[in-house]
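One structure is given below, encoded as structure tokens.
Rule-based calculations on the coordinates, nothing more; no lab input. What you see is a predicted model; the values in this text were computed from it and never measured. Methodologically, a virtual Cβ is constructed for each residue, glycine included, from the backbone with ideal geometry; neighbour enumeration extends over all protein chains shown.
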Amino acid sequence: MDDLVQWCGEQLDEDERIARAATPGPWRVRDEGVVGDGGKHWPVAYTDSHRAREDCLHVAAHNPARVLREIGAKRQVLAMAQARIEEATSPDFMVNGPAKVALVVMEPVLKSLASAYADRPGYREEWRL
């Protein structure tokens, strides 16, 4: 499971890199596009699809600030898992026993997090639920 935690962390690193390089938010829908940098005229995206409004709402909702908050929340889950992995190797049964039980419970959660990145290199089929 250590490989799964490490791989998920690497995916979050890449998501964070992309979010930090993007136009600062908040992002707002304006006409047929999305603008960033606090709603100033910094175009983030424009669309002329028949779902223009819905496309813009989706893009604006996934602004860098939200992505960074989601990354932070996922990193907390990974940190909990990493702590249980380390505790599971303790010679003290009062530590490793509960940690092993917690890892059994956490494994599907970690696999669920990884599934969002199933299209990225390094994803393993054994991680699929």
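Points to keep in mind about this one:
- Averaging 1/r across all pairs of distinct Cα atoms in the chain and inverting the result yields a Kirkwood radius of 16.9 Å.
- For the chain, the relative contact order works out to 24 percent when only alpha carbon pairs closer than 8 Å and six or more residues apart are counted.
- Most mobile listed residue (V101, V29, V67) in the chain, GNM with C-alpha springs under 10 Å: V101
- Between T23 and A83, full extension at 0.36 nm per residue minus the direct alpha carbon distance yields a gain of 18.1 nm.
- Normalised contact order of region 23-62, rounded percent, pairs of Cα under 8 Å and 6 or more residues apart: 36 percent
- Counting charges near E16 (Lys, Arg +1; Asp, Glu -1) among other residues having Cβ under 12 Å from its Cβ returns a value of 0.
- Between the helical axis of 2-21 and the longest alpha-carbon principal axis of the chain there is an angle of about 20 degrees.
- Interchain or long-range residues, amide H under 5 Å from V44's placed H: V34, V35, G36
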